[in-house]
1. Trypsin sites (Lys or Arg not before Pro) within the stretch 175-251: which are DSSP loop residues with at most 13 other Cβ atoms inside 10 Å?
2. Considering amide H positions built from the backbone, and no H for Pro or chain starts, which residues 5 or more places from G66, or on another chain, come under 5 Å of its amide H?
3. Rolling a 1.4 angstrom probe over the protein chains, ignoring ligands and nucleic acids, what is the accessible area of W222 in square angstrom, nearest 10?
4. Please arrange V75, V7 by accessible surface area, largest first, computed with a 1.4 Å probe and ligands excluded.
5. Using a 1.4 angstrom probe with every protein chain in place, what is the largest-first accessible-area order of M1, M129?
6. When the chain is treated as a GNM, springs tying every alpha-carbon pair under 10 Å, which of G240, G229, G142 comes out with the largest mean-square fluctuation?
7. Around I36, what is the net charge, scoring Lys/Arg as +1 and Asp/Glu as -1 over all other residues with Cβ under 15 Å from its Cβ?
8. Just tell me which lysines come within less than 28 Å, Cα to Cα, of K30; anything on the same chain fewer than 8 places away is out.
Amino acid sequence: MYDAGGVYMVMKTLLDGGFLDPSPMTVSGKTLGENIEEITWKTDQKVIYSFDNPLSPTGGVVGLRGSLAPDGAIVKVAGMHRLQFTGPARVFDCEEDCFAAVEHRQIQEGEVVVIRYEGPKGGPGMREMLSTTAALYGLGMGEKVALITDGRFSGATRGFCIGHVGPEAADGGPIALVEDGDTIAIDAEAGTIDLLVSDEALAERRRAWRPRANDYQAGALWRYAQNVGPASKGALTHPGAKAETHVYADI
């Protein structure tokens, strides 16, 4: 990327596409737009694409939304050959239990594996589920199952893996109400993820649902879990810049 023109080349195509505000002043004494005007587009590189000639129409990740994830979820579609998946749920309340099931070859082809209580509050800390997906691939099951979690994945994840499901299970989101055998339908092309269970059944389950305690009931991670917000808003432990009444740099 550096040899192709660097960050300013990326900013140039973002500005050309209307995705950047050119007006903010920079430390150079010029505005962002004025700085970018000095950049010449390099045509002899194949790393950074212009906004009107993208590598793909959707990008590498797709946002999903539906009855299982009213606040959204994320799936990486780069390199995927299958964009739809429907199957029975196989539910685990932590990654370790799911990993043990994979180790003992207890996951069946066609299942939608659900790992919950791994979100910002539930983990706590929104743990990464990469070890389980790697184990599934090691068994040759990577393209034969889907995996859904309120935790997260790294960029190395392969297969039909959906993370950042919100609201998370620790907040009583629909993912907390899923039971083994429930049908889950995912369509990464249409951007949907739905739990095919009647509203009446879900209402009954919600009445019986109780929050699950994590393993950190004191200390820094406990305090973090009390304050962290949803993944869909960045999993922040503060209200954001709009709530600030002063900036220390201005004192």
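1. For trypsin sites (Lys or Arg not before Pro) across the stretch 175-251 that sit outside H, G, I, E and B with at most 13 neighbouring Cβ atoms in 10 Å, the list reads R212.
2. Under 5 Å from the amide H of G66: G72, I193.
3. Taking all protein chains as shown, W222 has close to 90 Å².
4. V7, V75
5. M1, M129
6. G240
7. Within the 15 Å Cβ shell, the charges total -2.
8. Within the straight-line cut-off, K30 pairs with K12, K42, K242.
The values are calculated or read from the model by the stated rules, or taken from the named source; none is laboratory data. These numbers come from a predicted model, not from an experiment. As a convention, Cβ positions derive from the backbone with ideal geometry for all residues, glycine included, and neighbour counts pool all protein chains shown. Each accessible area value is taken on the protein alone, full model and side chains, heavy atoms only, with ligands, DNA and RNA left out. Shrake-Rupley method; radii C 1.70, N 1.55, O 1.52, S 1.80 Å.
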